[in-house]
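The values are calculated or read from the model by the stated rules, or taken from the named source; none is laboratory data. Keep in mind that this is a model prediction, so the values were computed, not measured. Cβ: placed from backbone, ideal geometry, glycine included. Neighbour counts: every protein chain shown. The area values use the complete protein model at the heavy-atom level, side chains included, leaving out ligands, DNA and RNA. Shrake-Rupley method; radii C 1.70, N 1.55, O 1.52, S 1.80 Å.
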Amino acid sequence: MEFNLVGKTIPEWQLLPIFNEKVPTVKDFRGKPLLILFFYLGCPGCKGRAIPYANRIIYEDLGVNVIGIHTRFAGKVYTDEQLQAIKEEFHMRFPYYRDKPEATTFNTYFAGGTPHWVLVNSEGTVVQSMFGSDPNNALLRLDLKIKELLQSHETKEG
């Protein structure tokens, strides 16, 4: 059995709204690279490094969509009100949703823990899937892969 989505088409996610908005589908993000962040409110690396990194990607307007998926594979259950409050507390600039119970999407995407990143090209193919938020490892590798992906995307369009 394969436990990695790299090189495969991104599977549909199973998400619930946290705010009163419609949950987008995977197809809604086609045509532009997408960075998916699996995070958990009880995860220090998520709050201290991953969420700020995802915010930076949006702030720098690199041409990459970002979506957050709050997932719980272990630990305390957070209410929608608690998940709504973090938007302001962490200045979250990207949309985020709740994974269906028992970490459905987390498991479908073979996430290794939180934070877990999935980078998808504009055609919907997974190009990177990795766990972690260490600035000198996971985030540096993610920066390099995003730059490579954007150069490839520009070459195809130009």
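Counting only other residues whose beta carbon sits under 13 Å from that of Glu60, what net charge do I get with K and R as +1, D and E as -1? Combined, the nearby Lys, Arg, Asp and Glu give +1.
Calculated translational diffusion coefficient of segment 1-83 (4 °C, 1.567 mPa s; Stokes-Einstein with Kirkwood radius over alpha-carbon pairs) equals 89 µm²/s. On a per residue basis, the convex hull of the C-alpha atoms belonging to segment 87-133 measures out at 114 Å³.
Distance between the 7 Å Cα→Cβ label points at Phe19 and Phe110: 3.3 nm.
Summing Lys and Arg as +1 and Asp and Glu as -1 over all other residues whose Cβ lies under 14 Å from the Cβ of Arg93 gives a net charge of -2. Quick one: angle between helix 138-157 and the longest Cα principal axis of the chain, in degrees between 0 and 90, rounded to 10, please. Helix 138-157 and the main axis of the chain meet at about 50 degrees.
Average accessible surface for the chain: 52 Å² per residue, computed with a 1.4 Å probe over protein heavy atoms with every protein chain in place.
The H on the amide N of Gln128, modeled in the peptide plane, is under 5 Å from the matching H of Leu119, each at least 5 residues off or on a different chain.
Summarising the label geometry, the points placed 7 Å from Cα in the beta-carbon direction at Phe3 and Glu81 lie 3.9 nm from one another.
When shorter helices are ignored and each DSSP H run of at least 4 residues is given -39500 (n - 2.57), the per-residue value for the chain at 222 nm works out to -8500 deg cm²/dmol.
Would you please classify the overall shape of segment 34-158 from the alpha carbon gyration tensor, given that a ≥ b ≥ c denote the square roots of the eigenvalues, rounded means a/c under 1.5, and beyond that prolate means a/b larger than b/c while oblate covers the rest? Prolate. Cα extents for segment 51-124 along the principal axes, largest to smallest and rounded to whole angstrom: 34, 29, 16. Within the accessible surface of segment 46-158, defined with a 1.4 Å probe on protein heavy atoms only, the carbon and sulfur portion equals 49 percent. Of all lysines in the structure, the ones whose alpha carbon falls short of 23 Å from that of Lys8, not counting any fewer than 8 places away in one chain, are Lys27, Lys32, Lys100, Lys145, Lys147, Lys156.
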